[in-house]
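Asks: Quick one: the structure is below, and I'll ask about it shortly.
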Amino acid sequence: MELSPATQNFILHWGEMGAKWGVNRSVAQIHALLHVMPDPMTAEEISETLNLARSNVSNGLKELQAWKLVKVSRQLGDRRDHFTSVRDMFDLVTVVIEGRREREYAPTLAALRAVAEEAEADGTPKNVQGRIRETLDTMQLFDDWYRDVSRLPRSVQLSAVKLGARIAKFLPKGKTG
């Protein structure tokens with residue numbers, strides 16, 4: 001499959017960003033390809049299009065499925081799996097945020113809770129305990145906020161995002177913090 005220069009650049013950039021987010025470059029490129037393609041693709045088509053080893057594509061697809069970013073489907077008369085990305089951008093962003101929360105943020109909160117308890121019992125200086133507690137409390141505040149907002153209907157979430165952007169326009173430049 002021949003990709004336009006813009007499509008190639010999108011895939012290459014998504015791969016670069018994936019690497020910065022801690023995702024293997026080729027996995028991010030597979031996701032980018034599936035994201036922009038209008039129809040599901042087989043692993044062989046992905047491999048040929050991106051010039052990646054078939055084993056690399058298989059592993060990448062497994063990782064993307066584990067993240068719930070890629071879905072597999074079947075077509076009548078074809079034994080091969082066909083893959084597509086989550087199509088709705090709001091759903092895609094939600095899947096990424098929730099996945100990162102579960103893999104990164106929630107375990108950090110649990111570790112901070114354990115460290116805060118340990119610091120109270122092991123003679124850790126009060127000022128250090130205070131910094132640990134402040135870190136935990138602030139991170140918990142943001143997690144509680146996220147969980148509250150994530151339970152709202154999509155239309156309310158979108159309105160809140162748009163409202164935030166409108167409010168920011170009234171703040172003096174450079175004085176947002």
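The values are calculated or read from the model by the stated rules, or taken from the named source; none is laboratory data. Keep in mind that what you see is a predicted model, and the values were worked out from it rather than measured. Virtual Cβ from ideal backbone geometry, glycine too; neighbours counted across all protein chains shown. To get the accessible areas, we keep the full protein, side chains included, count just its heavy atoms, and leave off ligands, DNA and RNA. Shrake-Rupley method; radii C 1.70, N 1.55, O 1.52, S 1.80 Å.
Asks: What are the pairs with Cβ atoms under 6 angstrom where one residue, in region 141-168, is under 17 Å from Val96 (Cα atoms) and the other, located anywhere, is exposed (fewer than 10 other Cβ atoms within 10 Å of the Cβ)? Sequence gap at least six, or different chains.
Replies: Partner pairs satisfying both residue conditions: none exist.
Asks: Name the one entry in Lys173, Lys169 that is at pLDDT below 95, assigned to a helix (DSSP H, G or I), open to solvent by 60 Å² or more (accessible area, probe 1.4 Å) and farther than 22 Å from Glu63 by Cβ.
Replies: Of the residues listed, the single one that is at pLDDT below 95, assigned to a helix (DSSP H, G or I), open to solvent by 60 Å² or more (accessible area, probe 1.4 Å) and farther than 22 Å from Glu63 by Cβ is Lys169.
Asks: Which condition from (1) in a helix (DSSP H, G or I); (2) closer than 30 Å to Val70 by Cα is the one that Leu152 breaks?
Replies: Unmet for Leu152, out of (1) in a helix (DSSP H, G or I); (2) closer than 30 Å to Val70 by Cα: (1).
Asks: Would you check if Val128 is closer than 30 Å to Val36 by Cα and surrounded by fewer than 15 Cβ atoms within 10 Å (Cβ to Cβ)?
Replies: No; evaluated as a whole, the condition is false for this residue.
Asks: Select the helices (runs of 4 or more DSSP H) contained entirely in region 5-124, then report the ones holding at least 3 residues which are acidic (Asp, Glu), modelled with pLDDT of 95 or more and open to solvent by 50 Å² or more (accessible area, probe 1.4 Å).
Replies: Where helices (runs of 4 or more DSSP H) fall fully within region 5-124 and carry at least 3 residues being acidic (Asp, Glu), modelled with pLDDT of 95 or more and open to solvent by 50 Å² or more (accessible area, probe 1.4 Å), they are 43-50.
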